[in-house]
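Here is the structure we will look at.
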Amino acid sequence: MWRLKSEEDGATAVIVAISLVVLFGMGALVIDVGNLYWERRQLQNGADAAALAAAQDLAAGDSAATAEDTARTYTSANNTRDAYVEDIYQPTTTSVTVETITGDADESGTIASFLASILGVDNYFTQASATAAWGDIAGAATIPITICEDAWNHLTGNGTVLPSAGFSILRIGVPPGHLDAGIDCSNPGGGDVPPGGFGFLDADANCEAHVATDGWSDGETGNTPDIAGSSPCDAKDFYDVLIDAVDNGTKLLIPIFDEYDEQGSSGQYHIIGFGALELRGYTINGGPQHPTYGRSYNWIHGGSACPGSASCLDLRFTNFVSLGGDMIPGGGGSDFGASVVRLIL
């Protein structure tokens, strides 16, 4: 009997031992593998954020070193355990890839296992990658104003100086001689009256124009937006947008046209791309001037700066990079310094 019991005890011990290994193995599978997947998701969040941020830097003309510093910052900020950028490179001239790996901001590392060490796995690591690309904007909702291509070329040195040096006044509703020297927005062979440096577009109730590249957009009457006529855009909302842009230095996305057909409410502008501007002041014919807040603003108030009944913008062109929103990427439009960034991998 004693011998038989000893054999049974031995068999039970073996079964218990095997069961414990299985149980710990299952625990390792649940806890450690789950932890590994959680780390992988964190790394992917960091890689996505880093790729988008680095792409914004590169699209804006910053150096590769600046983009790498940005990527490291965003990788760590989007991972509660920190993370390490193993590599950052540009697979094409308009894309960037960021590869992240377990570790901290300074070096790669590993994660200690909880139960898997019983199976001989003391630590582990994982990695992730993301690629973001940038390019021209094919369509967007913008302020209901469009700028002449020749004005953009003239003020930016054909795109070589962004932001353009200093602020310049563009006028509409005046003879071409009132425009800045060297700017010619006339329509080659069209016979229409030149609209000046810019024109107004149809606006919706939010005072936005919905515009696409390589398409024709409807214009508005003369040298004023049709805020008092058929347009659903409320005058106050339109001026609030302009005032906010000046007060806060907001960059405004702006369509660029190369041709136009007729004028006013019968006019159309051929849009070839999007640029961006910083606004320092404006005069809109028939519209209110900026209120005085007790501090200095460089607003345009008629006179030689904005002659007669003209409308004027005091502006400079600049770079603009967006993460998308309601902007449509791609389309092969002209490069006017405005780009949209998106994840592609």
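Throughout, read-outs are computed from the coordinates displayed, never taken from laboratory work. Every value quoted in this text rests on a predicted model; they were computed, and no experiment measured them. For neighbour counting, all protein chains shown are included, and Cβ atoms are generated from backbone atoms with ideal geometry for every residue, glycine included.
Sort Y239, Y269 so that the residue with the fewest other Cβ atoms within 10 Å of its own Cβ comes first and the one with the most comes last. Neighbour counts put them in this order, fewest first: Y239, Y269. In plain terms, the residue of D136, D335 with the fewest other Cβ atoms within 10 Å comes first and the most crowded comes last, giving D335, D136. Between Y260 and H270, the built amide H atoms are under 5 Å apart, and every one of these is 5 or more places off in sequence or on another chain. Each of W152, W216 was scored by other Cβ atoms within 10 Å of its Cβ. Arranged with the fewest first, they read W216, W152.
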